[in-house]
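See structure below.
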Amino acid sequence: MVHKLREQGLAVRGIERGSDVGGTWYWNKYPGASSDSQSWVYQYSFNEEIEQEWDWSCVFPQQPEILAYLQFVADKLDLRVDFDFDTSIDSISYDDAARDWTLTTDAGDALTADYVVTAVGCLSAAQAPDIPGRDSFAGLVLHTSQWPAEPLDLADARVGIIGTGSTGIQATPKLAEMSKHLTVFQRTPQWAAPARNRLLSDAERAELKRDIRTIRDTCKSSPFGHPYWPSEQSALAASPVERTARYQADWDRGGFDFLFGSYGDLIVDEAANETMASFVREKIAELVDDPQLAARLTPDYPFGTKRLPLYAEEFYPAFNRGNVDLVSLRNEPIVEIVPEGIRTASRLIELDVLVFATGFDAMTGPLTRLNITGRDGLKLNDKWADGPQTNLGLMTRGFPNLFMVTGPGSPSVLGNMPVTIEQNVEWIGDLIETLRASGASIEPTVESEQAWGDGINEIANATLFGKYASWYSGSNIEGKPKVFIPYPGGFGEYQRIAAEIAENGYDGFEIS
Ligand code: N01
C-alpha cells in the first residue's frame with residue numbers, strides 16, 4: 001500500500017508497531033511457524049523483477065524464510081524510509097470541520113491525513129484466556145504470536161501448550177522435539193490435513209517462474225485465491241472406491257486442496273462432508289498408536305468447518321512420543337493456573353514454560369483496538385457493538401476516507417492472503433486516485449452496508465462454516481457478537497463485485 005500510494009505521488013507515512021516489516025511473519029516466530037499456502041502463490045505479484053529474483057527453498061516456507069522475503073521486498077522498493085517503526089497508534093479521530101484525520105502515536109506525535117488506510121492484519125490481536133491465576137505462574141509464559149526472537153533452550157523444560165488450532169498443531173511436534181516434556185491442553189479436537197512439505201528442485205523453481213503469470217491469473221479468479229478449484233461434482237455422486245482413491249491421492253500430496261480442491265459440496269452438505277470426515281478419522285487412527293488417545297484427538301464435528309490446519313502427518317504422531325501427554329479439557333477442565341503449573345479438575349501438572357496457542361480476536365480486534373472516532377463523534381467500537389458493518393470489508397459508514405485492507409466483510413482469511421491483500425490494495429489505491437482530483441470524501445451508504453452484511457449471513461448460513469463454531473464467527477471470544485465475519489462468497493466473485501462497483505462510479509458509496 002505504501003509503495004502504491006507513493007508511486008501515485010502521495011506523501012505516505014507508515015506506522016508500524018514492530019521494529020521492522022513483516023507483520024504476521026515478524027511476530028509469529030514460534031517453532032514450526034510456516035505458511036499453509038504454497039510458496040509460489042504466497043508472494044506479491046505486482047513486481048515481476050521481485051517475482052523473478054526471489055527463490056523459495058520449499059513448498060511451504062517457514063517463518064524465517066517468509067520474513068526474509070518481506071525484508072527483501074522492503075529493500076528492493078526502499079520502503080523502510082517511509083515507516084516509523086516501534087510506534088503504535090493511540091487514536092485515530094476524524095475532524096468534521098477540516099474533513100481530515102488526526103492520528104496520535106505512543107511516541108507523542110500527532111499526524112494529520114486526508115486518507116487513512118488500516119493494514120493491521122486479521123489475526124494480530126492476540127488473545128489469552130482469562131484463566132483464574134493466569135498471572136501467578138512462576139515460569140516463562142509465552143503467546144505464540146509474541147514469541148521471542150532469540151532461540152529458547154527448552155531441553156530441560158516441562159512445557160505446557162494450551163490450544164490446538166493451526167498454530168498449536170504446527171508448534172506441538174516442534175516443541176515435543178525441543179523440550180523435556182510437553183503437555184498439550186486440548187479443548188476441541190482439531191481436524192488437520194497433511195502438508196508434506198519438501199524442498200523444491202532447481203528444475204521446479206525454473207518451471208514455476210516460467211509459468212508464474214498463468215499461476216497468478218488462476219489465483220486471481222479462483223474462489224480461494226489459490227491455483228485450484230473445487231470440482232463441480234458432488235462427493236455423494238462418486239462411488240466409494242472413486243472417492244477414497246481421490247482422497248488418498250490428495251492426502252498423499254498434501255496441502256489445502258485436500259479439502260478446497262476436492263468435491264464441490266464438502267463445505268455445504270453434511271453427508272458429503274462425512275465422506276471426508278470418515279476418511280480422516282481412519283487416518284488419525286492409523287497415525288496415533290493408542291486407540292483411546294486417537295479417539296480423544298478425533299473431532300466430532302464436520303471436517304474443515306474451523307480453518308483447516310496442515311501438518312497432520314507431524315501433529316497426530318507427536319502423541320506417540322514418550323514425552324508428550326494430551327490433557328483433554330472436556331474430561332479434565334483447567335481449574336486454575338498456579339505458580340507451579342496448571343491445576344485441572346483431577347491433578348496438578350507441573351510446568352516450567354506455559355505457551356498460549358489460543359489465537360486471536362480475529363478481524364475486528366485489530367481495528368477495535370485502534371481507538372477510532374469517526375464523523376459526528378461516532379466510535380467504531382460502538383458502531384460495531386453487535387458485529388462489524390462494512391461494504392466489501394473495505395470501508396464502514398461514518399468513517400469517511402478510512403479504508404481497511406482485509407477488514408471484516410472481506411474474503412481475506414477464507415482465501416490466500418497475499419492475493420486478497422493485493423486486490424484490496426489496488427482497489428483502495430485506485431479509489432484514492434479518483435478522489436484526489438476533487439478532494440472529495442467517500443463512505444458506504446447505509447443500504448449498501450446492510451446489503452453486504454445480509455449477503456454474508458445468507459451465504460454463510462448456506463455453508464457448514466455458518467453452522468459450526470469457529471473464530472470466523474467470533475465463537476472463540478467470550479462476549480464477542482456471534483456473526484460471521486469474513487465474506488464467504490469466494491474471492492473470485494468478490495473481486496468481480498468490487499471491480500463492478502468501481503466501474504459503476506462506486507455504486508453503494510456516497511461521495512461528497
Ligand atoms: O488460533 P485458533 P491459532 N481454554 O483460534 C484454544 C492462522 N494461522 O493461533 O477450538 C482452552 O485457531 C481453542 O480451542 P477451541 C489461521 O488462519 C495461519 O491456532 O476454541 N483452549 C483452539 O484450539 C488460523 O486459523 C498459519 O475450543 C482454548 C486454540 O486455542 C489462525 O491463524 C499458521 C481457550 C486457538 O485456535 C488462528 O490460529 C498458524 C481456553 N480458554 C495460524 N481459548 C499459516 O499457515 C482458546 N483455546 C499462515
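Exactly one residue out of F256, F279 is under 24 Å from P173 (Cα atoms), modelled with pLDDT under 95 and not hydroxyl-bearing (S, T, Y), and it is F256.
Yes or no: P151 at pLDDT below 95, outside any strand (DSSP E or B) and surrounded by fewer than 17 Cβ atoms within 10 Å (Cβ to Cβ)? Here the answer is yes, as P151 does meet what is asked. Annotation note: of D130, D135, the sole residue that is under 26 Å from the mean Cα position of the chain (by Cα), under 30 Å from V353 (Cα atoms) and surrounded by fewer than 12 Cβ atoms within 10 Å (Cβ to Cβ) is D130. Take region 329-367 and flag every residue that is in contact with a Pro (Cβ under 8 Å, 6 or more places away or on another chain), within 11 Å of the ligand (Cβ to nearest atom) and not hydrophobic (A, V, I, L, M, F, W, C). Answer for region 329-367, where residues must be in contact with a Pro (Cβ under 8 Å, 6 or more places away or on another chain), within 11 Å of the ligand (Cβ to nearest atom) and not hydrophobic (A, V, I, L, M, F, W, C): just T358. Among the conditions (1) assigned to a loop (DSSP other than H, G, I, E, B); (2) surrounded by 15 or more Cβ atoms within 10 Å (Cβ to Cβ); (3) out of contact with any Phe, Trp or Tyr (no Cβ under 9 Å at 6 or more places or on another chain), F60 misses just one, which is (3). Kindly indicate whether any position in region 45-55 is over 30 Å from R198 (Cβ atoms), assigned to a loop (DSSP other than H, G, I, E, B) and touching an Asp or Glu at 6+ places or on another chain (Cβ under 7 Å). Scanning region 45-55, I find no residue that is over 30 Å from R198 (Cβ atoms), assigned to a loop (DSSP other than H, G, I, E, B) and touching an Asp or Glu at 6+ places or on another chain (Cβ under 7 Å), so the answer is no. Somewhere in region 489-504, is a residue in a helix (DSSP H, G or I), touching a Gly at 6+ places or on another chain (Cβ under 7 Å) and either touching a residue at least 24 places away in the same chain (Cβ under 8 Å) or surrounded by 15 or more Cβ atoms within 10 Å (Cβ to Cβ) (or both)? Yes, region 489-504 contains at least one residue that is in a helix (DSSP H, G or I), touching a Gly at 6+ places or on another chain (Cβ under 7 Å) and either touching a residue at least 24 places away in the same chain (Cβ under 8 Å) or surrounded by 15 or more Cβ atoms within 10 Å (Cβ to Cβ) (or both). In this entry, Q186 passes the filter for residues that are of a type outside the set (A, V, I, L, M), in contact with a Leu (Cβ under 7 Å, 6 or more places away or on another chain) and closer than 30 Å to N323 by Cβ.
Taking the criterion of being of a type outside the set (F, W, Y) and surrounded by 12 or more Cβ atoms within 10 Å (Cβ to Cβ), the residues of region 250-259 that qualify are D250, R253, G254, G255, D257, L259. Residues of region 177-198 being more than 18 Å from E313 (Cβ to Cβ) and either within 11 Å of the ligand (Cβ to nearest atom) or under 25 Å from the mean Cα position of the chain (by Cα) (or both), which ones? Selection gives F185, Q186, R187, T188.
Residue count for region 163-176 under the criterion of being within 16 Å of the ligand (Cβ to nearest atom), assigned to a helix (DSSP H, G or I) and either in contact with a helix residue (DSSP H, G or I) (Cβ under 7 Å, 6 or more places away or on another chain) or not charged (D, E, K, R) (or both): the result is 9. Evaluation of L392 against the conditions (1) touching a helix residue (DSSP H, G or I) at 6+ places or on another chain (Cβ under 6 Å); (2) within 21 Å of A295 (Cβ to Cβ); (3) more than 15 Å from the ligand (Cβ to nearest atom) shows that the sole unmet condition is (2). Of the strands (runs of 3 or more DSSP E) contained entirely in region 72-114, those carrying at least 1 residues that are exposed (fewer than 15 other Cβ atoms within 10 Å of the Cβ) fall at 89-95, 110-113. Applying the condition of being touching a residue at least 24 places away in the same chain (Cβ under 8 Å) and surrounded by 15 or more Cβ atoms within 10 Å (Cβ to Cβ) to region 234-249 and asking which residue is farthest from Y263 (Cα to Cα) yields T244.
When the residues of region 20-44 are filtered to those that are assigned to a loop (DSSP other than H, G, I, E, B) and aliphatic (A, V, I, L, M), the one that is surrounded by the most Cβ atoms within 10 Å (Cβ to Cβ) is A33. Beta carbons closer than 8 Å, at least 6 apart along the sequence or on distinct chains, pair a first residue in region 395-414 that is closer than 30 Å to P309 by Cβ with a second that is part of a loop (DSSP other than H, G, I, E, B) and among the basic types (K, R) for V413/R307. Kindly indicate whether P408 is within 17 Å of the chain's Cα centre (by Cα) and either within 13 Å of the ligand (Cβ to nearest atom) or surrounded by 14 or more Cβ atoms within 10 Å (Cβ to Cβ) (or both). So P408 fits the description; yes. Checked against (1) away from the ligand (no atom under 16 Å from the Cβ); (2) crowded, with 17+ Cβ neighbours inside 10 Å; (3) β-branched (V, I, T), I66 passes all but condition (1).
Looking only at residues of region 166-186 that are in contact with a Pro (Cβ under 9 Å, 6 or more places away or on another chain) and not aliphatic (A, V, I, L, M), we find that the one that is surrounded by the fewest Cβ atoms within 10 Å (Cβ to Cβ) is E177. The residues listed here are R17, R6; of these, the one that is in a helix (DSSP H, G or I), more than 12 Å from the ligand (Cβ to nearest atom), in contact (Cβ under 8 Å) with a residue 24 or more places away in the chain and of a type in the set (K, R) is R6.
The residues in region 415-456 that are within 16 Å of the ligand (Cβ to nearest atom), surrounded by 23 or more Cβ atoms within 10 Å (Cβ to Cβ) and not in a loop (DSSP other than H, G, I, E, B) can be counted, and the count is 2. Considering each residue of region 136-147 in turn, at least one proves to be more than 16 Å from the ligand (Cβ to nearest atom), out of contact with any helix residue (DSSP H, G or I) (no Cβ under 7 Å at 6 or more places or on another chain), in contact (Cβ under 8 Å) with a residue 40 or more places away in the chain and not small (G, A, S).
The values are calculated or read from the model by the stated rules, or taken from the named source; none is laboratory data. Nothing here was measured: the structure is a model prediction, and the numbers come from that model. Every residue, glycine as well, gets a Cβ built from its backbone with ideal geometry; the counts of neighbours run over all protein chains shown.
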